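Reading through the structure tokens given below for one structure.
The values are calculated or read from the model by the stated rules, or taken from the named source; none is laboratory data. Here the structure is a predicted model, which means the values were calculated and not measured. Here the Cβ is made from the backbone with ideal geometry for all residues, glycine too, and neighbour counts use every protein chain on show. SASA here: full protein model, heavy atoms, side chains in, ligands and nucleic acids out. Shrake-Rupley method; radii C 1.70, N 1.55, O 1.52, S 1.80 Å.
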Amino acid sequence: MCIACRNRESQHSLIRIQFVENRAIAYTGSGRSCYVCRECGRNPKRIRQITKRFKLEEEDFLKLIKELDTDG
Ligand SMILES: [Zn+2]
């Protein structure tokens, strides 16, 4: 489920991330993870919503999502 829009989509269209010490990083394979759908990853409003909620650096987060949003 996408943490921004809460839509359930196929895992294929979701970007998997995890939070480590107030930072978002690509999922490492262990620990708790969550998903952002590609649609939200490209929507500045949704991005701001997520970064506010999880107290993230918006610039960092955007960069990460862009890096992970590859085969869309
Ligand atoms: Zn979404």
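How about the chain: which GluC sites (Glu not before Pro) there lie in a loop by DSSP and see at most 15 other Cβ atoms within 10 Å? Present the calculation step by step, with values, prior to reporting the outcome.
Working: sites: GLU9, GLU21, GLU39, GLU57, GLU58, GLU59, GLU67; in loops: GLU9, GLU21, GLU57.
Those satisfying the criteria are GLU9, GLU21, GLU57.
Within region 20-72, report the trypsin sites (Lys or Arg not before Pro) that DSSP leaves as loop and that have at most 16 other Cβ atoms within 10 Å. Walk me through the numbers on the way to the answer.
Numbers: sites: ARG23, ARG32, ARG38, ARG42, LYS45, ARG46, ARG48, LYS52, ARG53, LYS55, LYS63, LYS66; in loops: ARG32, ARG42, LYS55.
Passing sites in region 20-72 are ARG32, ARG42, LYS55.
Hey, what do the phi angles of region 28-34 turn into as Karplus ³J(HN,Hα) couplings, whole Hz, using 6.51/-1.76/1.60 and θ = phi - 60°, x for Gly and Pro?
Each residue of region 28-34 in turn: 8, x, 9, x, 7, 10, 8 Hz.
How much of the DSSP bridge set in the chain is antiparallel, in percent, rounded to the nearest 5?
90
Can you spot the aspartates and glutamates whose alpha carbon is less than 16 Å from LYS52's alpha carbon? Ignore those fewer than 8 places along the same chain.
LYS52 reaches GLU21, ASP60.
Taking H placed 1.01 Å from N in the peptide plane, check which residues at least 5 places from CYS5 or on another chain put their amide H under 5 Å from its amide H.
Amide H neighbours of CYS5, under 5 Å, 5+ apart: CYS37.
With every protein chain kept in place and ligands, DNA and RNA left out, what is the accessible area per residue of the chain? Probe 1.4 Å, answer in Å². Each step should come with its number before you reach the end.
Working: 5120 Å² over 72 residues.
On a per-residue basis, 71 Å².
Over the chain, with every protein chain in place, what whole percent of the accessible area is carbon and sulfur at 1.4 Å, could you tell me?
Answer for the chain: carbon and sulfur cover 44 percent of the accessible area.
First check a/c for region 11-68, with a ≥ b ≥ c the square roots of the eigenvalues of its C-alpha gyration tensor; if it is under 1.5, answer rounded, and if not, answer prolate when a/b is larger than b/c or oblate otherwise.
Cα axes put region 11-68 in the oblate bin.
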